[in-house]
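Undergrad: If you scroll down you'll find the structure; I have some questions about it.
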Amino acid sequence: MIQFTTMAETAPSHSTVAPPVSGRIARTEYKVSDDQQDLFALPQRYLDLQREARALAAECADIAARADEADSFDPDVRKRLTASRLTEVVVPAAYGGRFEKVDSLAVTIVREALAAESAHLDSMFGMQGIGSYCISVGGSEELKAEWLPKVARLEAVAALGLTEPHVGSDLKALSTTVVERDGKLVVDGHKSFITNGGDADFYSILAREGDGYSLVLVPAGAPGLRIEHPHQIIAPHVLSDVILENVEVPVGNRIGEPGKGFALVLATLATFRVSVAGAAVGVAQAALDEAVAHAKSREGFGVSLARLGSVPEHLASCWTDIEMARSLTYRAAAASARDARANLHLSSMAKVGATEAAARVVDRSVQIMGRFGLVRGGKLERLYREARPMRIYEGSTEVIFDSLAKQLVKEAP
Ligand SMILES: Cc1cc2nc3c(=O)[nH]c(=O)nc-3n(C[C@H](O)[C@H](O)[C@H](O)COP(=O)(O)OP(=O)(O)OC[C@H]3O[C@@H](n4cnc5c(N)ncnc54)[C@H](O)[C@@H]3O)c2cc1C
């Protein structure tokens with residue numbers, strides 16, 4: 001039988017499994033009988049990874065505020081992430097990675113820990129996988145051997161170019177083209193809001209080819225590729241536009257079969273979408289930790305802020321939101337690690353659930369902290385700016401709901 005208690009109420013016993021979470025507030029512990037041992041616990045190798053990621057996050061705490069304001073790579077964050085070797089998690093073992101194939105649960109757990117400290121750090125880690133996964137699963141042996149070991153060591157920075165100035169969710173309307181001419185691939189177009197733009201060493205670019213869409217690896221130094229910064233965004237994110245004018249690359253730079261690029265984009269989403277949920281859980285937890293610390297340290301009307309008016313309800317509802325989001329996120333990530341495509345619906349639910357929860361939690365945390373939640377450069381302000389775009393990128397909430405509803409109705413008897 002499973003008994004739910006809180007750490008604050010019950011001393012740990014030998015049958016108590018420590019939950020895979022951290023922070024300053026009391027957490028639910030799951031006491032399990034022997035036959036259910038580990039039902040809700042992460043296996044040891046993920047706990048070890050979580051410890052590594054938390055250590056890196058703590059190491060970056062002193063530079064996180066600076067890095068989250070940067071519009072290009074922070075050299076110290078890059079140095080520390082490189083030294084941690086955590087980017088090995090996003091590449092298959094055969095090319096210098098940690099896991100035989102890229103493991104959604106591992107990526108999710110790392111992102112939860114990193115995003116709680118710095119969006120810049122989390123994005124630098126996550127994009128290495130998002131920008132290179134199409135090579136891992138669809139690239140030629142030559143492309144894999146040339147680029148993946150460098151991605152694993154953070155010697156080459158990856159980026160994924162899908163969005164265009166007039167095309168976002170409706171990706172099939174894109175207008176960038178690739179044609180094969182005189183033994184070369186020639187790419188023309190404009191990619192917009194590209195994470196790592198300007199700092200990336202290569203761009204995996206989605207372009208029309210004939211009646212289909214192909215992915216092409218374009219090195220940053222290719223003649224005809226240039227970077228523009230038309231937008232300053234509130235999200236703490238390195239981002240720019242990538243313009244491609246008559247850019248020539250070898251035919252071998254096509255990633256996968258001609259016209260089959262969309263399948264690789266879908267494979268990337270299926271594997272990495274749930275990791276956005278992990279990052280959102282990390283952001284929400286960090287915000288609540290700030291709010292709890294503030295509420296405990298302050299008094300108003302003769303009582304602790306933590307007991308005043310609707311503050312206790314805000315605190316408890318944030319905690320509930322986070323535990324629900326984390327449970328679904330870990331379940332979806334574990335399912336995705338087994339079979340990402342078959343479990344995309346769970347990853348999508350986790351992404352929507354956790355990012356919407358993070359938005360609520362961060363907003364309530366600001367409310368609890370009053371004016372101190374609004375201070376520029378404060379931790380909560382950074383978390384606020386980090387949470388907002390999560391509901392837009394890698395599938396907006398509305399677009400995901402639309403496809404979940406279609407699947408639900410289609411599969412109903
Ligand atoms: C911080 C950040 C980083 C990014 N990094 C990258 C990157 O590295 N590479 C890249 O290619 N792109 C990147 N993007 C772009 C991102 O992928 C797009 O913003 C996203 O696809 C949504 O497109 P859009 O912004 O054009 O919104 P639109 O697609 O124009 O949507 C606008 C609104 O309409 C709603 N909507 C649209 N279609 C539907 C529908 N069918 N049903 C219901 N509602 C709908 C949306 O939910 C949204 O509310 C990034 C964006 C941000 C904010």
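Undergrad: Looking only at residues that are touching a residue at least 40 places away in the same chain (Cβ under 8 Å) and away from the ligand (no atom under 15 Å from the Cβ) in the range 169-180, which one is surrounded by the most Cβ atoms within 10 Å (Cβ to Cβ)?
TA: Of everything passing the filter in the range 169-180, 178 is surrounded by the most Cβ atoms within 10 Å (Cβ to Cβ).
Undergrad: While we're here: In this structure, is residue 269 out of contact with any strand residue (DSSP E or B) (no Cβ under 9 Å at 6 or more places or on another chain), closer than 23 Å to residue 116 by Cα and not assigned by the TED database to the domain that holds residue 91?
TA: yes
Undergrad: Are there any pairs with C-beta distances below 6 angstrom linking a residue in the range 285-297 that is among the small types (Gly, Ala, Ser) to a residue that is outside any helix (DSSP H, G or I), with the two at least 6 apart or on different chains, and if so which?
TA: Final answer for the pair search is 286/116.
Undergrad: Follow-up question, since we're still on this one. What do you reckon, is residue 249 away from the ligand (no atom under 15 Å from the Cβ) and β-branched (Val, Ile, Thr)?
TA: Answer is yes for this residue.
Undergrad: If you don't mind, there's one more thing I want to ask. Return the residue satisfying two criteria in turn: it lies in the range 364-384 and is touching a residue at least 12 places away in the same chain (Cβ under 8 Å) and surrounded by fewer than 18 Cβ atoms within 10 Å (Cβ to Cβ), and of such residues it is nearest to the ligand (Cβ to nearest atom).
TA: 377
Undergrad: Checking the condition small (Gly, Ala, Ser) and more than 15 Å from the ligand (Cβ to nearest atom), which residue from 198, 210 passes?
TA: Step by step, each of 198, 210 is checked, and only 210 is small (Gly, Ala, Ser) and more than 15 Å from the ligand (Cβ to nearest atom).
Residues checked against (1) under 14 Å from the mean Cα position of the chain (by Cα); (2) not in a helix (DSSP H, G or I):
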site: 275; (1), (2): yes, no
site: 283; (1), (2): yes, no
site: 294; (1), (2): no, no
site: 306; (1), (2): no, no
site: 309; (1), (2): no, yes
site: 312; (1), (2): no, no
site: 322; (1), (2): no, no
site: 337; (1), (2): no, no
site: 340; (1), (2): no, yes
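Undergrad: Got at least one residue in the range 104-116 being under 19 Å from the mean Cα position of the chain (by Cα), more than 14 Å from residue 54 (Cα to Cα) and not assigned by the TED database to the domain that holds residue 194?
TA: yes
The values are calculated or read from the model by the stated rules, or taken from the named source; none is laboratory data. All values derive from a computational prediction rather than experimental measurement. A quick note on method: Cβ atoms are made from the backbone with ideal geometry, for glycine too, and the neighbour counts reach across all protein chains shown.
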